[in-house]
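Read through the structure below, which is laid out as structure tokens, and then see the notes.
The values are calculated or read from the model by the stated rules, or taken from the named source; none is laboratory data. Nothing here was measured: the structure is a model prediction, and the numbers come from that model. All Cβ positions, glycine included, derive from the backbone under ideal geometry; neighbour counts span all protein chains shown.
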Amino acid sequence: MATINKTIFEKMPLTFGVDLAEHDDRLDCAWFNPVFENKIEKLQVAKNKNRKLTKLRIVAEVNGGKRLPKGTAIQESETDVIPYIRATDVKNLKVKVDSAAKISKEIHQGIQNYQLKKDDIVITIVGTIGEVGILENDVEVCDFTENIARIRTKDDSVLPRFLLHYLGSEFGRLQTERFSVGSLQYKLSLQSCRSIEVYLPSNNEQRKILDSVYLIFKEAEKHRKAGKRLISEARSAVVEKIGLPLIEETEKSRIFEVALEKDPFSRLDALFNNPLREKLVGILKKYQSKSLGKLIKPQKENKIVPGDYYRLVELKQIDENTGRITEFREVSELGSEKVLLKNGSILISKLQPKKGKIVIVSSEFDGCVGSNELLPFVLDSSEITLDYLWAVLRSDYVLKQWEHELTGSSRMRIGSNEIKNTIIPIPDLKLQKEIVNEIKNKLENADDELRKANELEENSKKLFEKLVFLDATN
């Protein structure tokens with residue numbers, strides 16, 4: 001093997017020199033990153049009887065998932081019960097089964113050889129690369145996409161949770177970034193994934209490291225759960241304060257009759273004609289209420305001025321749990337029709353609106369452009385406040401109406417008429433203020449809990465790296 005010159009030139013820290021080795025088949029900077037080269041050399045020469053440097057393929061099986069058959073659309077119903085894990089379901093070192101999309105048994109039969117089971121680790125290998133999570137609980141059946149790889153330990157030489165935290169460590173991520181290739185979209189091949197270097201302590205040492213790390217990690221989990229609970233309470237504050245009952249679906253309510261002669265021009269589908277929607281609308285109409293179309297009007301200014309770059313907000317950058325825009329990304333071209341975001345406008349997602357992607361545009365995002373799945377409106381009534389409108393649109397009083405008003409086949413949306421006809425309960429301004437204040441307080445407290453969780457998780461990560469790489473970092 002040729003000697004690698006890992007010198008980082010002092011006056012130009014982004015410049016470094018290399019000597020090619022026989023196995024090198026790439027010439028890009030990511031491959032010859034001297035940070036990695038220096039790190040791996042320290043691990044190679046480190047003398048610790050409780051550590052060994054090995055490849056991931058030696059201690060674990062690495063296999064890909066399966067793409068759904070061409071033309072298959074995920075349309076969840078009571079017959080779709082099998083979780084299908086995608087990259088978006090890998091969060092906070094966990095595989096989120098409960099919130100994953102569900103597919104039918106018929107679809108499952110075509111991909112049933114690609115399964116996850118308890119203690120399997122997954123890693124995202126397309127797009128956002130290197131996110132890792134573990135399947136914590138037993139599941140009877142669980143399929144997964146080709147955009148993530150399944151990592152299953154071969155024996156007890158490596159503990160699944162140790163491997164999870166190792167792959168999520170700085171050194172693990174450094175390698176997934178190094179191995180990733182692509183132009184428009186980065187990918188991490190399964191072969192490259194199998195070649196990840198693992199610095200492996202003995203089984204007993206792994207347990208000791210995990211015991212120390214999880215003292216902090218479990219405390220972080222407490223704060224994260226508290227944050228999620230507060231967010232959930234904020235979402236239900238409108239219903240709790242107003243007190244109107246919600247109609248719950250039962251097995252019997254799935255079968256009903258419709259008198260179509262009432263209005264021959266109305267929608268004929270079962271979703272819209274479900275009596276649960278009519279009952280909920282009836283309850284809301286008995287309360288002080290108005291249709292949404294009488295409270296808002298379309299945003300007038302929609303012209304997007306051409307520029308060298310645009311600040312783009314897409315649906316995935318709107319947090320449905322908190323009703324906030326999390327970030328924007330700069331793009332040089334828009335590619336398709338977009339909407340203009342103006343300070344004080346309220347955005348309603350046409351696509352899967354029952355998720356509650358509703359947001360008030362703040363001054364921070366004024367002038368951004370958004371996905372054309374977003375409809376921008378402005379308040380046009382003194383009967384409600386903008387903050388209350390945002391709150392009630394994200395409540396079950398509205399989301400359960402929209403749940404029965406979706407249209408489409410593969411991607412369910414809500415139409416403009418359905419949005420305008422949405423019934424909005426209007427309490428007095430004093431109660432509106434109480435509702436808004438309670439929601440804001442709970443979200444502020446949730447932010448604090450989640451901040452503490454993130455800090456503790458970062459501390460646990462640093463402790464893990466310190467304990468694993470202690471002999472190779474001096």
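Quick notes
- Matching residues, the range 349-379, being in contact (Cβ under 8 Å) with a residue 60 or more places away in the chain and either farther than 25 Å from LYS294 by Cα or outside any strand (DSSP E or B) (or both): LYS350, GLN352, PRO353, GLY356, VAL369
- Looking at the range 157-205, the helices (runs of 4 or more DSSP H) lying wholly inside it that each contain 2 or more residues that are out of contact with any strand residue (DSSP E or B) (no Cβ under 6 Å at 6 or more places or on another chain) and surrounded by fewer than 16 Cβ atoms within 10 Å (Cβ to Cβ) sit at 170-179.
- Out of GLU78, GLU140, one residue alone is at pLDDT below 85, part of a loop (DSSP other than H, G, I, E, B) and not assigned by TED's automatic domain parsing to the domain that holds LEU315. It is GLU78.
- Options LYS241, LYS208; residue that is of a type outside the set (Phe, Trp, Tyr) and farther than 24 Å from GLY323 by Cα: LYS208
- Residue ID - surrounded by the fewest Cβ atoms within 10 Å (Cβ to Cβ), chosen from residues in the range 394-408 that are under 21 Å from ILE426 (Cα atoms), of a type outside the set (A, V, I, L, M) and within 24 Å of the chain's Cα centre (by Cα): ASP396
- Residue selected from the range 293-339 under the condition of a type in the set (A, V, I, L, M) and either part of a loop (DSSP other than H, G, I, E, B) or not assigned by TED's automatic domain parsing to the domain that holds ALA391 (or both), by the criterion surrounded by the fewest Cβ atoms within 10 Å (Cβ to Cβ): VAL305
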